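Report on one structure; see the data block that follows.
The values are calculated or read from the model by the stated rules, or taken from the named source; none is laboratory data. Here the structure is a predicted model, which is why all the values come from computation and not from measurement. Neighbour counts are summed over all protein chains in view; Cβ atoms, including those assigned to glycine, are modelled from backbone coordinates with ideal geometry. Accessible surface is based on the protein model in full, side chains and every heavy atom, while ligands, DNA and RNA are left aside. Shrake-Rupley method; radii C 1.70, N 1.55, O 1.52, S 1.80 Å.
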Amino acid sequence: MGDMPTTDATENRSGRRIWLFGYGSIIYKADFDYFQARPASIRGWVRRFWQGSRDHRGVPGSPGRVVTLVEQAGAICSGMAYQVSAAAFDHLDDREKDGYRRISVDLEFFDGDQGEGIVYLAGPDNPAYLGPASTADIARDIAHSVGASGENREYLLGLADGLRRLGTEDAHVFAVEQALQDYLAAAQPNA
Ligand code: BEZ
């Protein structure tokens, strides 16, 4: 992610401690140092399995599907916010390099506090973007994909579990999870 700007929001007022809002794998797998973690939401965005993963959960030619954010007026997307040092972004930028860029967002913590944060977003203009598909097609893509970080289904199930632990609803994620289970059951009816 060498072309990513070091934004004002990254070097912000809070003494170079920055809130990173996680809405995907970061919810259940925070493999970076952080000062504190707090459940939070962002407004005006929904989580969708529309980004292709050619590195972590798939390979070039057979990409997996991972989540990105899509603008939707009035929507609320919940996740986990981590307070990190600016240096944490060196690791994260490298980890998320296939199509993601950073943007600034307003955070609403579950306890009512508000803040400013950074989120990784993969828009339709990136080469790994897959875009919308039916729930069944997304689940089938996930069932068949594996990459350097493991099976794509593990990502989906980890995310769904993480959202339940947060006590948050996500109709899209839970529908894809159900569709994956239906697909796997149909593929192995006697398992
Ligand atoms: C997340 O968990 O928020 C996330 C992780 C990787 C890329 C984009 C988002």
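Take the conditions open to solvent by 10 Å² or more (accessible area, probe 1.4 Å), among the aliphatic types (A, V, I, L, M) and under 25 Å from residue 171 (Cβ atoms) and apply them to residue 76. Does it pass? Against the criterion (open to solvent by 10 Å² or more (accessible area, probe 1.4 Å), among the aliphatic types (A, V, I, L, M) and under 25 Å from residue 171 (Cβ atoms)), residue 76 qualifies. Scanning segment 152-182 for residues that are more than 24 Å from residue 109 (Cα to Cα) and charged (D, E, K, R) yields 153, 154, 177, 182. What number goes with the only condition from (1) more than 15 Å from the ligand (Cβ to nearest atom); (2) open to solvent by 30 Å² or more (accessible area, probe 1.4 Å); (3) at pLDDT 95 or above that residue 87 does not pass? Here residue 87 meets the rest and fails (3). For residue 62, the conditions (1) at pLDDT 95 or above; (2) open to solvent by 10 Å² or more (accessible area, probe 1.4 Å); (3) in contact with a strand residue (DSSP E or B) (Cβ under 6 Å, 6 or more places away or on another chain); (4) more than 10 Å from the ligand (Cβ to nearest atom) all hold with the exception of (3). Within segment 100-120, residues that are within 15 Å of residue 24 (Cα to Cα) have Cβ atoms under 8 Å from residues that are of a type in the set (D, E, K, R) and in a strand (DSSP E or B) in these pairs: 118/102; 119/102; 120/101; 120/102, counting only partners at least 6 apart in sequence or on another chain.
Filtered by the rule that a residue be aromatic (Phe, Trp, Tyr) and either crowded, with 24+ Cβ neighbours inside 10 Å or assigned to a strand (DSSP E or B) (or both), segment 33-51 gives 45, 49, 50.
Select from segment 143-165 the residues that are of a type in the set (A, V, I, L, M, F, W, C) and more than 15 Å from the chain's Cα centre (by Cα) and write down the one among them that is nearest to residue 185 (Cα to Cα).
143
Name the residue that is surrounded by the most Cβ atoms within 10 Å (Cβ to Cβ), counting only residues in segment 90-118 that are within 12 Å of the ligand (Cβ to nearest atom) and closer than 19 Å to residue 43 by Cα. Here the residue is 105. Per the listing 153, 140, the residue uniquely under 15 Å from residue 25 (Cβ atoms), open to solvent by 10 Å² or more (accessible area, probe 1.4 Å) and more than 10 Å from the ligand (Cβ to nearest atom) is 153. Considering segment 11-32, and only residues there that are away from the ligand (no atom under 16 Å from the Cβ) and in a loop (DSSP other than H, G, I, E, B), the residue that is modelled with the highest pLDDT turns out to be 16.
Where residues in segment 124-137 are more than 12 Å from the ligand (Cβ to nearest atom), within 17 Å of the chain's Cα centre (by Cα) and not in a strand (DSSP E or B), which of them is surrounded by the most Cβ atoms within 10 Å (Cβ to Cβ)? Steps first, answer last, please.
Our first condition is that a residue be more than 12 Å from the ligand (Cβ to nearest atom); within segment 124-137, this holds for 124-125, 127, 129-137.
Those left that are additionally within 17 Å of the chain's Cα centre (by Cα): 124, 129-132.
Still in the list and also not in a strand (DSSP E or B): 124, 130-132.
On the way: 124: 11, 130: 21, 131: 11, 132: 10.
Of everything passing the filter in segment 124-137, 130 is surrounded by the most Cβ atoms within 10 Å (Cβ to Cβ).
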